[in-house]
Amino acid sequence: MKRPPTHPGKIIKEDYQNPLTISVTELASILGVSRKTISKIINERGAITPDMALRLSRAFDTTPELWLNLQKNYDLWQAEHESKAWQMVKPISSQLLHSLG
């Protein structure tokens, strides 16, 4: 994938918050979390936790897996492109793995 996946906070903002004209404060109240928590997520400085995924799925009639997968895809892309240190890890030989199992 060449372009980074969209942060789930941007999806919340563009696909739900803006069209529904819900303020950050209102959304926080609906979800039962602090305004700061929602602000961090929609400004792409916070992540979707399993608890938040459950809250979002209930509020927006989606699945928690949707939100967790969006976050996972975003995080994995970021990790892969921010550092190349993981490429220095050498594969463990299948013979060694077999002897451990």
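The values are calculated or read from the model by the stated rules, or taken from the named source; none is laboratory data. Because the structure is a prediction, the values reported are computed rather than measured. FYI the Cβ positions are ideal-geometry reconstructions off the backbone, even for glycines, and counts take in every protein chain you see.
Restricting Leu70, Leu54 to those that are among the aliphatic types (A, V, I, L, M), at pLDDT 95 or above and within 23 Å of Lys2 (Cα to Cα) reduces the list to Leu70. Among the residues of the stretch 1-51, those that are among the hydrophobic types (A, V, I, L, M, F, W, C) and under 25 Å from Glu80 (Cβ atoms) comprise Met1, Ile11, Ile12, Ile41, Ile42, Ala47, Ile48. So, of the residues in the stretch 1-39 that are among the charged types (D, E, K, R) and in contact (Cβ under 8 Å) with a residue 24 or more places away in the chain, which turns out to be surrounded by the fewest Cβ atoms within 10 Å (Cβ to Cβ)? Filtering the stretch 1-39 for residues that are among the charged types (D, E, K, R) and in contact (Cβ under 8 Å) with a residue 24 or more places away in the chain, the one surrounded by the fewest Cβ atoms within 10 Å (Cβ to Cβ) comes out as Lys10. Selection of the stretch 46-72 for residues being farther than 18 Å from Arg35 by Cα and among the β-branched types (Val, Ile, Thr) yields Thr62, Thr63. Within the stretch 68-101, the residues that satisfy the criterion of being surrounded by fewer than 10 Cβ atoms within 10 Å (Cβ to Cβ), among the polar types (S, T, N, Q) and not in a loop (DSSP other than H, G, I, E, B) are Gln87, Ser94, Gln95, Ser99.
Pairs meeting the criteria (first residue in the stretch 75-89 and over 21 Å from Ile41 (Cα atoms), second residue at pLDDT 90 or above, beta carbons under 6 Å, at least 6 apart or on different chains) are lacking. Among Thr62, Thr6, Thr21, Thr37, which is on the phi > 0 side of the Ramachandran plot and polar (S, T, N, Q)? Checking each option against the conditions leaves just Thr21. Picking from residues in the stretch 32-63 that are of a type in the set (Asp, Glu) and under 17 Å from Asp75 (Cβ atoms), the one that is nearest to the chain's Cα centre (by Cα) is Glu44. Scan the stretch 1-53 for residues that are part of a loop (DSSP other than H, G, I, E, B) and closer than 11 Å to Gln71 by Cα and the total you get is 8.
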